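> Pasting a structure below so you can have a look.
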Amino acid sequence: MSDMEMERESIGRDDIQAKFEDLKHSLDHTAEAARTPMLAAGIAIVAVLVVLAFLLGRRRGRASRTVVEVRRV
């Protein structure tokens, strides 16, 4: 092997660090792209749960409403 081939095959610390930085940037970009739809879905789920709790509470309030009858003697 010539000296030129040996230099190509050797991997230095800077090469590894550059590759890790490239991978980190790629993962950050992918995570950011996935975060927006997940946030919207989370907000929608919370809104549905709030409306459902309101409607169920309203129904239960109607069912157990106390009727007070006042009579004059």
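Here, each number is a calculation from the coordinates, and none is a lab measurement. Since this is a predicted model, take the numbers as computed values, not measurements. Neighbour counts are summed over all protein chains in view; Cβ atoms, including those assigned to glycine, are modelled from backbone coordinates with ideal geometry.
> Label points 7 Å out from Cα along the Cβ direction at A40 and R58: separation in nm?
Once both label points are built, they end up 2.8 nm from each other.
> So, with +1 on the Cβ of K and R and -1 on the Cβ of D and E, and no other charges, what is the size of the charge dipole of the stretch 3-63 about its Cα centre, to the nearest 20 debye?
Computed charge dipole of the stretch 3-63: roughly 1560 debye.
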